[in-house]
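To start, the structure itself, in structure tokens.
The values are calculated or read from the model by the stated rules, or taken from the named source; none is laboratory data. Quantities reported herein were computed from a predicted structural model and do not represent experimental measurements. As a convention, Cβ positions derive from the backbone with ideal geometry for all residues, glycine included, and neighbour counts pool all protein chains shown.
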Amino acid sequence: MPYVTVGQENSAPIKLYYEDVGSGRPIVLVHGFPLSGRSWEKQVPALLQAGYRVITYDRRGFGNSSQPSFGYDYDTFVQDLHLLVTELDLRDVVLCGMSMGGGEVARYLGTYGSDRVTGAVIISGVPPFLLKTPETPDGLDQSVFDDIQAAIAKDRLAYLTDFLSAFFNTDVLLGKRVSDEVVRDSWNIASGASPIGTWSCPPTWHTDFREDLTGIDVPTLVMHGDADRILPIEATGARTHKAIQGSRFVIVKGAPHGMLWTHADEVNRGLLDFLAAQAKATTTKRAQKVTA
């Protein structure tokens, strides 16, 4: 199993598990809470068939990666991602993040710039800024995030059951677009995550990504479901699209937060269309530079 070392805690290295398959232009897929790189199961085959090199990895504390007691903040998350990108020497890479992973895409570009990156995708993303403040009166009260942490501390496994129900909109889509088995598998993955890491993540959801977004200078796709109960589209996707100049906005009708599975065909179509258009634009831009 391949790993990249991103730090150390006491006697043990902190390692990220990753998978690197296919050949062609690289795309890095960054998963959402509280899952792992396996959440891209429906996207990886489509990307491989289209000729991309696909890299998935598990965020620290989740999946097969190490479970340290610290580092659950976006500055550390993107440092981990940067170490993966540089260790694999990825260039002309597209960064694609889902939910929390959308925050990593935004903060990565805000921190490290686009030297190695030619495109960005934010699916069901947490940006731009969820917290209620005097300048963001429509945001969520701090108590919302405190209550989530309290629920995780009280009974993490019960919390995961409730969370995944809202994640997939099971009251509407179970047996139609998602099976009991898929929900159960997601719960199994989530239950194996670090209890400390799981508890530590909710405060990161109100990280302020507004400055990161306005500085993005690569073609960007923002994709969101209009039935997302975890991160409602009006507070997240719509505002993210508005903040990123020239971004493409794809609204997936009837899709919940977990639309990577429930609306995989729609997601894949939107993703592949964007990647094809973005690759064409990049090729044209380079050709113009050569002839200039």
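Per-structure values
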{"item": "Matching option when the condition is in contact (Cβ under 8 Å) with a residue 12 or more places away in the chain and assigned to a loop (DSSP other than H, G, I, E, B), among LEU221, LEU260, LEU231", "result": "LEU231"}
{"item": "Criterion violated by HIS82 - all others in (1) closer than 27 Å to ASP265 by Cα; (2) touching a Phe, Trp or Tyr at 6+ places or on another chain (Cβ under 6 Å) satisfied", "result": "(1)"}
{"item": "Which listed residue, of VAL78, VAL85, VAL121, is of a type in the set (Val, Ile, Thr), more than 15 Å from VAL4 (Cβ to Cβ) and surrounded by 15 or more Cβ atoms within 10 Å (Cβ to Cβ)", "result": "VAL121"}
{"item": "Verdict on LEU174 being surrounded by 14 or more Cβ atoms within 10 Å (Cβ to Cβ) and under 24 Å from ASP73 (Cα atoms)", "result": "no"}
{"item": "Evaluation of ASP162 against (1) among the acidic types (Asp, Glu); (2) surrounded by 14 or more Cβ atoms within 10 Å (Cβ to Cβ); (3) without any contact (Cβ under 8 Å) to a residue 40 or more places away in the chain (one fails), failing number", "result": "(2)"}
{"item": "Cβ-Cβ under 8 Å pairs, at least 6 apart or on other chains, region 195-218 side in a helix (DSSP H, G or I), far side among the charged types (D, E, K, R) and at pLDDT 95 or above", "result": "PRO195/ARG156; GLY197/ARG60; THR198/ARG156; TRP199/ARG156; THR204/ASP73; ASP212/ARG107"}
{"item": "Region 180-189 - residue that is within 20 Å of ALA255 (Cβ to Cβ) and surrounded by 14 or more Cβ atoms within 10 Å (Cβ to Cβ) and, of those, nearest to the chain's Cα centre (by Cα)", "result": "SER186"}
{"item": "Hits in region 28-84 (condition: more than 12 Å from the chain's Cα centre (by Cα) and among the polar types (S, T, N, Q))", "result": "GLN43, GLN49, ASN64, SER65, SER66, GLN67, SER69, THR76, GLN79"}
{"item": "Which listed residue, of PRO127, PRO137, is surrounded by 12 or more Cβ atoms within 10 Å (Cβ to Cβ) and under 25 Å from GLU211 (Cβ atoms)", "result": "PRO127"}
{"item": "Scope region 27-38; condition buried (at least 22 other Cβ atoms within 10 Å of the Cβ) and either among the charged types (D, E, K, R) or within 18 Å of LEU271 (Cα to Cα) (or both); matching residues", "result": "ILE27, VAL28, LEU29, VAL30, HIS31, GLY32, GLY37"}
{"item": "Matching residues in region 173-184 - criterion: being assigned to a helix (DSSP H, G or I) and without any contact (Cβ under 8 Å) to a residue 40 or more places away in the chain", "result": "ASP180, GLU181, VAL183, ARG184"}
{"item": "Any hit, region 6-21, residues being among the acidic types (Asp, Glu) and either part of a helix (DSSP H, G or I) or crowded, with 24+ Cβ neighbours inside 10 Å (or both)", "result": "no"}
{"item": "In region 138-172, the residues that are in a loop (DSSP other than H, G, I, E, B), at pLDDT below 95 and not charged (D, E, K, R)", "result": "GLY139"}
{"item": "Residue, nearest to the chain's Cα centre (by Cα), within region 241-286, restricted to residues that are of a type in the set (Gly, Ala, Ser) and surrounded by 15 or more Cβ atoms within 10 Å (Cβ to Cβ)", "result": "GLY258"}
{"item": "Residue among THR262, THR220 that alone is hydroxyl-bearing (Ser, Thr, Tyr) and either farther than 26 Å from ALA151 by Cβ or touching a Gly at 6+ places or on another chain (Cβ under 6 Å) (or both)", "result": "THR220"}
